[in-house]
Amino acid sequence: MSCSRWIRLSRFGVSLALWTALAMLAWPVVDASAREPVQPTKRGATRAADKAKAPAVARDTRHAEGARRVPQSARGTSDRSGRTVSSRTARPAGQAGQRASRRTDVAARAGRGAARATQARYVEPAKPSLGHAIGLHAVDDPLSLQSAVALVLDQATGEVLFEKNAQAVLPIASISKLMTAMVVLDAQLPMSEMLDISQADVDTERNTRSRLSLGTRLSRGELMQLALMSSENRAAHALGRHYPGGMERFVEQMNRKAREIGMSSSHFVEPTGLSSYNVSNARDLARLVRAASDYPLIREYSTASGLTVDTGFRTVSFRNTNRLVGDPEWDIGLQKTGYLSDAGNCVVMQTRIDGRAVVLVLLDAQARWARVGDAQRIRTWLERMPGVDTGTGGVSAPGAGARKVSAQRADQLSRDS
């Protein structure tokens, strides 16, 4: 055998011996690794301790949601059959528990937020109007009106065509502004004179808002139109404040004028109607409407559809508060709306129905649209009222004898409308 071949065989034998020795040395380590569970890492042990400290409520919630958490020890964990499993196998269950806990926290926060939102949305029930408080709405009428008080009379003769609680004395809200306008016009003050809106005109009783900013300067005529057409409270108050002798003198003149025109059950304490102590009844208000209709400027201003004014800061547009003014089916010569929580929704009008001038008074309607519906119902009732034979072969104007119509007939007409 050659020397070189011998050397190669020697090298192979040495390599084989070395690999055999290494394999024998490694065998116990491999066998031990196969028989013993993997030791949890330091990070895994920390997570296990944190999970063990979780609140009992969270653990109960995880159980309820089906997320089963497998308890783990420092050496390992066990499944439900008692077999030992590695911490790597138990980790997904712990993560599911954490996700369930987070969902529970989110749901709890959402519940608390909903409770706070419910508390924030709670609004104290509105105080009932005086008409409700004294039972006027419980009084039946043949037209089933929503207003607690109603009165319809012939403007020319004063004949009462329909009435309901007409003697009840109630707050009249912004209907007071008709008297305000009459007192201003009786004083013959210049309508072009510029007046200012000041802090004294701000409503501190009911904290109502106004689109007339402090410092606004408008003519007396513009202020009067805004008071009658849009029921602007600061405008009405400014008219009284700029009256010769001041507000006290102005209120005196309001009550003097009321007595002059026969409003014996009425009283005024300020010019806007924001005070519940401005009171009257339907019969007195019918007298007020008949007297105010003699003032062309009140008729014009109260029935205007709108007005745009320059306040000195910006241009502001106002609209009429009575939607019937723009209705072509209504011929309204004078009107005024009003609202207070104590007074309900009110309206007075001078209008023509079938060519006959009538005065309409509606007080303490439950809603703004209710007073409009009541006016429509009364109009339909009057238009359908049969004429009354005068005994001379002629027929009286439509609506005559309406007070004599039976309750059954009026109720039927109400249903037909």
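Looking only at residues that are among the small types (Gly, Ala, Ser) and part of a loop (DSSP other than H, G, I, E, B) in segment 191-214, which one is most open to solvent (accessible area, probe 1.4 Å)?
So the residue we want is Ser192.
What is the one condition in (1) outside any loop (DSSP other than H, G, I, E, B); (2) open to solvent by 10 Å² or more (accessible area, probe 1.4 Å); (3) farther than 18 Å from Ala343 by Cα that Pro244 does not satisfy?
Answer for Pro244: the failing condition is (1).
Do you know which residues across segment 361-378 are among the charged types (D, E, K, R), open to solvent by less than 70 Å² (accessible area, probe 1.4 Å) and at pLDDT below 95?
Arg371
Could you please find all residues in segment 333-350 being over 19 Å from Met179 (Cα atoms) and either crowded, with 24+ Cβ neighbours inside 10 Å or free of Cβ contacts under 8 Å to residues at least 60 places away in the same chain (or both)?
Passing the criteria: only Gly344.
Out of all the residues in segment 248-286, which are under 16 Å from Cys346 (Cβ atoms) and either open to solvent by 50 Å² or more (accessible area, probe 1.4 Å) or charged (D, E, K, R) (or both)?
Result: Tyr277, Arg283, Asp284.
Just to check your reading of the model, which residue among Leu226, Leu185 is among the aliphatic types (A, V, I, L, M), out of contact with any Ser or Thr (no Cβ under 9 Å at 6 or more places or on another chain), part of a helix (DSSP H, G or I) and open to solvent by less than 10 Å² (accessible area, probe 1.4 Å)?
Leu226
Return the only residue of Val309, Val325 being touching a Phe, Trp or Tyr at 6+ places or on another chain (Cβ under 9 Å), under 16 Å from Ala227 (Cβ atoms) and either open to solvent by less than 10 Å² (accessible area, probe 1.4 Å) or outside any loop (DSSP other than H, G, I, E, B) (or both).
After applying the criteria, what remains is Val309.
The values are calculated or read from the model by the stated rules, or taken from the named source; none is laboratory data. As the structure is a computational prediction, the values presented were derived from the model and not from experiment. All Cβ positions, glycine included, derive from the backbone under ideal geometry; neighbour counts span all protein chains shown. The accessibility values were calculated without ligands, DNA or RNA, using every heavy atom of the protein model including side chains. Shrake-Rupley method; radii C 1.70, N 1.55, O 1.52, S 1.80 Å.
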